[in-house]
Amino acid sequence: MKKYIKNLIFFIILFLFGCDILQDEEQDFQYEEQDFQYEYCSTDYIELWGESYNIEQTTELILDSLDGIIPLQIGCLENLKKIDFSYSTLSGAIPSEISYLFNLEELNLTGNQLVGEIPSQIGDLTNLSTLILSYNQLSGEIPLEIGNLNNLLELRLSNNFLTDGIPDEFINLQSLIVLDLKVNQLTSISSKICSLNLDFNNWGNFTILDNQVCPPYPSCLSVIDISTQNTINCP
């Protein structure tokens, strides 16, 4: 009985401590956002690439022929629903401040020269239905936080330098119609991927062509996806 009570007390303390950590993290995020708003978003307009945009009224940014980095001030445009900067010559990293765009539904940065890791904060954009980051120079692991994007219909991360595996959290993406991960350096894929409502035999819906995934392979993968894996470093 004493042992039971000790264990119970231990788990209660552990639970309360865990809750405190979550609350602290949430408060830190709120403070960071408040500091950002105060420093960069205190006027009615912000300037991006030499043009002024109204913070309250701007709902779409569809721009081409862009160069340089993506300004972190883009996080001020709180009512943005669509960003399309595809096929420009943008460089540098994707700013984590993009996570402040809670109303964003479409983000297309394909065909640029973006580097670094995909920011984990992108998982805060729970209204996203389209996320396209293909044809860049992005590296590192795919953030597991992308698994928070329950409204995601289209996810394209192809033609980058992404490593490791496909996060198990992707099983939460039950609305997903398109998952394009071809031409990366991915080394593993869990059989849990088969629980997604994808047509695994249709390249237009799913592909991991030209990666480095080692066997055994999930049963849902097509012969083409399997046969194009570079297995030279597999055990």
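Can you name every residue in region 203-235 that is hydroxyl-bearing (S, T, Y) and assigned to a loop (DSSP other than H, G, I, E, B)? Even if it seems obvious, please write down each step before you answer.
The first filter runs over region 203-235 and keeps only residues hydroxyl-bearing (S, T, Y), leaving 207, 217, 219, 222, 227-228, 231.
The answer is Y217, S219, S222, T228, T231.
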Legend entry - Scope region 83-115; condition crowded, with 18+ Cβ neighbours inside 10 Å and among the aliphatic types (A, V, I, L, M); matching residues: I83, L90, I94, I98, L101, L104, L107, L109, L114
Inset, instruction - Could you tell me which of the residues L90, L144, L109, L104 is without any contact (Cβ under 8 Å) to a residue 40 or more places away in the chain, farther than 24 Å from D168 by Cα and in contact with an Asp or Glu (Cβ under 8 Å, 6 or more places away or on another chain)? - result: L90
Legend entry - Looking only at region 199-223, and only at residues there that are out of contact with any strand residue (DSSP E or B) (no Cβ under 8 Å at 6 or more places or on another chain) and surrounded by fewer than 12 Cβ atoms within 10 Å (Cβ to Cβ), the one that is nearest to R156 (Cα to Cα): N202
Inset, instruction - Test each condition in (1) in contact with an Asp or Glu (Cβ under 6 Å, 6 or more places away or on another chain); (2) at positive phi; (3) not aliphatic (A, V, I, L, M) for G116 and report the one that comes out false. - result: (1)
Legend entry - Given (1) part of a loop (DSSP other than H, G, I, E, B); (2) closer than 30 Å to N103 by Cα; (3) aromatic (F, W, Y), number of the condition F200 does not satisfy: (2)
Inset, instruction - Could you tell me which residue of region 164-198 is surrounded by the most Cβ atoms within 10 Å (Cβ to Cβ), considering only residues that are touching an Asp or Glu at 6+ places or on another chain (Cβ under 9 Å) and among the acidic types (D, E)? - result: D180
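Of all residues being charged (D, E, K, R) and in a helix (DSSP H, G or I) in region 25-48, which is modelled with the highest pLDDT? Just the residue, please. It would help to see each step written out before you state the result.
Filtering region 25-48 for residues charged (D, E, K, R) gives 25-26, 28, 32-33, 35, 39, 44, 47.
Filter again for in a helix (DSSP H, G or I), leaving 25-26, 28, 32-33, 35, 39.
On the way: E25: 44, E26: 49, D28: 48, E32: 67, E33: 67, D35: 80, E39: 87.
By that ranking, first place goes to E39.
Give the residues of region 158-177 that are assigned to a loop (DSSP other than H, G, I, E, B) and out of contact with any helix residue (DSSP H, G or I) (no Cβ under 9 Å at 6 or more places or on another chain), sorted by residue number.
Going residue by residue through region 158-177, those that are assigned to a loop (DSSP other than H, G, I, E, B) are 158-160, 166-167, 173-177.
S158, N159, N160, S175, I177 - these are the residues of region 158-177 that are assigned to a loop (DSSP other than H, G, I, E, B) and out of contact with any helix residue (DSSP H, G or I) (no Cβ under 9 Å at 6 or more places or on another chain).
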Inset, instruction - Just give me the residues in region 102-138 being in a loop (DSSP other than H, G, I, E, B), more than 9 Å from the chain's Cα centre (by Cα) and within 16 Å of P71 (Cα to Cα), in sequence order. - result: L109, N112
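Please tell me if F161 is surrounded by fewer than 18 Cβ atoms within 10 Å (Cβ to Cβ) and either within 19 Å of E60 (Cβ to Cβ) or β-branched (V, I, T) (or both).
Working: surrounded by fewer than 18 Cβ atoms within 10 Å (Cβ to Cβ): yes; either within 19 Å of E60 (Cβ to Cβ) or β-branched (V, I, T) (or both): no.
Taking the combined requirement at face value, the residue does not satisfy it.
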Legend entry - Complete set of residues in region 49-65 that are more than 21 Å from S86 (Cα to Cα) and in a loop (DSSP other than H, G, I, E, B): I55, E56, Q57
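Yes/no per residue for (1) farther than 21 Å from P119 by Cα; (2) of a type outside the set (S, T, N, Q):
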| position | (1), (2) |
| --- | --- |
| F36 | no, yes |
| T43 | yes, no |
| E47 | yes, yes |
| G50 | yes, yes |
| L61 | no, yes |
| I69 | no, yes |
| G75 | no, yes |
| E97 | no, yes |
Legend entry - Odd one out for E145, checked against (1) charged (D, E, K, R); (2) in contact with a Gly (Cβ under 7 Å, 6 or more places away or on another chain); (3) under 23 Å from Q229 (Cβ atoms): (3)
Legend entry - Of all residues in region 39-64 being within 26 Å of the chain's Cα centre (by Cα) and hydroxyl-bearing (S, T, Y), the one that is nearest to N103 (Cα to Cα): T59
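The values are calculated or read from the model by the stated rules, or taken from the named source; none is laboratory data. Predicted model only: the values in this text are computed from it and were never measured. Please note: Cβ atoms are built from the backbone with ideal geometry, for glycine as well, and neighbour counts cover all protein chains shown.
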